[in-house]
Amino acid sequence: METYGVDAVVVGAGVIGLAVARALAQRGHDVIVLESEARVGSVTSARNSEVIHAGIYYPEGSLKARTCVAGRRALYAYLETRGIPHRKCGKLIVALDEDEEAKIAALAERGIANGVEGLELVPAAEALKMEPALSPDVRAALLSPETGILDSHAFMAALEGELEDAGGRVALSTPFERAEKTPGGFDVMTGGSAAVRLQCRTLINTAGLESERVARRIDGLEAEHIPALRFARGRYFTAPGRCPFQRLIYPAPVEGGLGTHLTFDLGWAMRFGPDVEWINAPDGYAIDPALAPDFEAAAARFWPGVVPGSFQPGYAGIRPKLSGPGEPAADFRIDGPDAHGVGGLVCLHGIESPGLTASLALADEVIACLGVE
């Protein structure tokens, strides 16, 4: 087996791994990213709503709240300066009964505490004036003008390009096999058609759905520091025609997610989802077309223009979660040497939504965790 020396190995070339590797490379570190798939960002990072979240939903002071707000501000600036397609379209979170009104009022308070700009509770008449296609049953709404959408693939391509410009590399179809602790750092063994040994000082686990498995293959990392992942599959359905809304439309949040919401892409094509299906393992993305009536019914609560029988299966994604059914939503985890005692190692666990929005800020957190200049 051939051996190569690098400063840092990042496991996983999703949006978080690319952002972390770029940040390291731009600070002068020789970085290689190991990716088991044939393309970057083709798993969790490619299977979401492509929404830029404002930072409303997360407890004040949590890592999710801090990195979402900071990441969103950094992301808009990044997209703007590089000409990456995006739109700050805003969103409405709508309430259709008294309990949901209380929920969105609590969300407004939480968002303001998190530093989210421009949040406004609007009465039903104003919401309907803003979005005439809404159901007249809407009782109130929370306006989030900082919410937006982006071309996530173009964003990841830009991160990869800047990583390579700074001397970093992505090794595709090259799975992580195991890592052994050495006096100078780690010996990382890869799989694939050209397995190699990589000697590095720094090892960063950004493997998403595989973060627990990767962590268990790192010599010296005690099991007590490896959290068990839970998995929630979210399915999306599409509807024909141009979206009749100017803003994203969300219901009040539900257990395990934000509710089946209406988003659109940069071409105004509509999609509805995701739902929450708890699964034992990240074992597939198939969607049963028979679920369409359930999605149509969820959408019809706030959009009376739903045409029965018009929804078609779109795509599905799987969220790596640190909490399960009936449990309070868990925060992101960034475990560095102070947490587990293994020098040069950082493991990220449970990076689900709003991970895309938070990616640049999460990279900064990793850099700080490592004490990198």
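The values are calculated or read from the model by the stated rules, or taken from the named source; none is laboratory data. Worth saying up front: this structure is predicted, and the values here are computed from it rather than measured. Note that we place each Cβ from the backbone using ideal geometry, even for glycine, and neighbour counts take in every protein chain shown.
Things to note:
- Meets criteria (free of Cβ contacts under 8 Å to residues at least 24 places away in the same chain and closer than 21 Å to L75 by Cα) for A368: yes
- Scanning the stretch 1-31 for residues that are within 13 Å of M189 (Cα to Cα), more than 17 Å from the chain's Cα centre (by Cα) and in a strand (DSSP E or B) yields E2, T3, Y4, G5, V9, V10.
- Residue among E109, E98, E120 that alone is over 23 Å from the mean Cα position of the chain (by Cα) and within 29 Å of S152 (Cβ to Cβ): E120
- Apart from one condition, P304 fits all of (1) at pLDDT below 95; (2) loosely packed, with under 14 Cβ neighbours inside 10 Å; the exception is (1).
- Residue list for the stretch 354-372, filter: closer than 14 Å to D338 by Cβ and small (G, A, S): A368, G371
- The conditions of being among the hydrophobic types (A, V, I, L, M, F, W, C) and outside the structural domain of R235 (by TED's automatic domain parsing) are met by L348.
- In the stretch 74-82 there is at least one residue matching the filter, namely being at pLDDT 95 or above, aromatic (F, W, Y) and farther than 30 Å from C200 by Cβ.
- From the options A286, A358, residue that is small (G, A, S), in a loop (DSSP other than H, G, I, E, B) and either at negative phi or surrounded by fewer than 21 Cβ atoms within 10 Å (Cβ to Cβ) (or both): A286
- Residue within the stretch 198-207 that is among the aliphatic types (A, V, I, L, M), farther than 19 Å from A358 by Cα, at pLDDT 95 or above and assigned by TED's automatic domain parsing to the domain that holds V342 present: yes
- Set side by side, the residues I84, I52, I93 differ, and just one is more than 17 Å from V346 (Cβ to Cβ), of a type in the set (A, V, I, L, M), touching a helix residue (DSSP H, G or I) at 6+ places or on another chain (Cβ under 6 Å) and surrounded by fewer than 20 Cβ atoms within 10 Å (Cβ to Cβ), which is I84.
- Every listed requirement among (1) under 30 Å from G90 (Cα atoms); (2) buried (at least 21 other Cβ atoms within 10 Å of the Cβ) is met by D151 save one, (2).
- Of all the numbered requirements in (1) in the same structural domain as R139 (by TED's automatic domain parsing); (2) in contact (Cβ under 8 Å) with a residue 24 or more places away in the chain; (3) surrounded by fewer than 17 Cβ atoms within 10 Å (Cβ to Cβ), L248 misses one, and that requirement is (3).
- The condition of being in a strand (DSSP E or B), over 28 Å from H349 (Cα atoms) and outside the structural domain of P183 (by TED's automatic domain parsing) holds for only one of G267, G305, G241, G234, that being G241.
- Every residue from the stretch 169-198 that is on the phi < 0 side of the Ramachandran plot, crowded, with 20+ Cβ neighbours inside 10 Å and in a strand (DSSP E or B): V170, F176, A179, F186, V188, T190, L198
- Breaking point among (1) surrounded by 21 or more Cβ atoms within 10 Å (Cβ to Cβ); (2) more than 30 Å from E180 (Cα to Cα); (3) β-branched (V, I, T); (4) at pLDDT 95 or above, for T260: (4)
- Residue among V188, V214, V254 that alone is more than 17 Å from V346 (Cα to Cα) and of a type in the set (V, I, T): V254
- Residues (assigned to a strand (DSSP E or B) and closer than 21 Å to P354 by Cβ) located in the stretch 270-283: R271, F272, G273, E277, W278
- Candidate set: the stretch 244-264, residues that are closer than 17 Å to Y57 by Cα and assigned to a loop (DSSP other than H, G, I, E, B); chosen: the one farthest from the chain's Cα centre (by Cα): A252
- Members of the stretch 104-120 found to be over 18 Å from T357 (Cβ atoms) and surrounded by 18 or more Cβ atoms within 10 Å (Cβ to Cβ), listed by number: I104, A108
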